[in-house]
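Peer 1: Structure in structure tokens, see below.
The values are calculated or read from the model by the stated rules, or taken from the named source; none is laboratory data. On a predicted model such as this, the values are computed, not experimentally measured, just so you know. Ideal geometry is used to build each Cβ from the backbone, glycine not excepted, and the neighbour counts take in all protein chains shown. Only protein heavy atoms, including side chains, enter the accessible area calculation; ligands, DNA and RNA are left aside. Shrake-Rupley method; radii C 1.70, N 1.55, O 1.52, S 1.80 Å.
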Amino acid sequence: MPDLLSTLTAPLFFVGSMPMSAGDMLGFATGLLCVWLTARAHIWNFPAGILNSAILGLVFLQQRLFADAGLQIVFIVLAVLGWRQWLLHGQRQAAAPVLATSLREQLLLLASAGLITLLLWQLLLVLKGSAPPIDALITALSLCAQWQLNRRQSSSWAWWIAVDIVSIPLYWSRGLPLIAALYAIFLLICLKGWWHWRSLAQARPLGAAA
């Protein structure tokens, strides 16, 4: 593992004062592929996401962003479960139902995100993470977003947009310009994906999700 971590995170070249590593470039490429496939409601977003999470987990570990690194493990598990769920609806989710969500569910998710953020913040202080409050917030928002994505809820995009907005300045400040740029692209794709999924939900109204 140390050799793999060193290989992925060792600078290959510099853009200005910003180092570029193999992990940055691979994380950028696989992340872009994953979100593009998700915006198209395509089932292959899950294997792409699993590869992206494995790469970014090592990059974040090297940066002592422990919650983000641990989050990638959770993402891998959730992606496997989501992959299985989506397989029940065929190879392209554009033909499968997209669910709406209720105000009650969103309030519960907000409360859960707040609680998770506070608990992780305290844990990261003990572990001496490099950015405890922001790292914890990104993790909490991402877990709520992924949970909704696995249920094919269009509201997941609003949560991913919040994740992107918080993540961009954090990763830039940690000397990860490609990952910051990736999340800026994520933000644009998420806006398009939200519009697309909302149109799918309106075309196939199923009522609010329980």
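Peer 1: Cβ contacts < 8 Å: first residue closer than 14 Å to residue 123 by Cα and in contact (Cβ under 8 Å) with a residue 24 or more places away in the chain, restricted to region 46-71; second residue open to solvent by less than 10 Å² (accessible area, probe 1.4 Å) and of a type in the set (Asp, Glu), any location; separation 6+ or different chain. Result?
Peer 2: Sorted first by the residue in region 46-71, then by its partner, the pairs are 65/135; 66/135; 67/135; 68/135.
Residue by residue, here is whether (1) farther than 27 Å from residue 192 by Cβ; (2) out of contact with any His (no Cβ under 6 Å at 6 or more places or on another chain); (3) aromatic (Phe, Trp, Tyr); (4) part of a helix (DSSP H, G or I) holds:
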{"site": "31", "(1), (2), (3), (4)": "no, yes, no, yes"}
{"site": "34", "(1), (2), (3), (4)": "no, yes, no, yes"}
{"site": "38", "(1), (2), (3), (4)": "no, yes, no, yes"}
{"site": "46", "(1), (2), (3), (4)": "no, yes, yes, yes"}
{"site": "70", "(1), (2), (3), (4)": "yes, yes, no, yes"}
{"site": "85", "(1), (2), (3), (4)": "no, yes, no, yes"}
{"site": "106", "(1), (2), (3), (4)": "no, yes, no, yes"}
{"site": "115", "(1), (2), (3), (4)": "yes, yes, no, yes"}
{"site": "124", "(1), (2), (3), (4)": "yes, yes, no, yes"}
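Peer 1: What are the pairs with Cβ atoms under 6 angstrom where one residue, in region 177-188, is over 9 Å from residue 167 (Cβ atoms) and modelled with pLDDT under 85 and the other, located anywhere, is open to solvent by 20 Å² or more (accessible area, probe 1.4 Å) and not in a helix (DSSP H, G or I)? Sequence gap at least six, or different chains.
Peer 2: 177/18
Peer 1: When region 118-131 is examined, which residues are found to be surrounded by 21 or more Cβ atoms within 10 Å (Cβ to Cβ) and at pLDDT 90 or above?
Peer 2: 120
Peer 1: Does at least one position in region 197-206 carry a residue that is out of contact with any Leu (no Cβ under 8 Å at 6 or more places or on another chain), assigned to a helix (DSSP H, G or I) and at pLDDT 80 or above?
Peer 2: So far as region 197-206 goes, no, none of its residues is out of contact with any Leu (no Cβ under 8 Å at 6 or more places or on another chain), assigned to a helix (DSSP H, G or I) and at pLDDT 80 or above.
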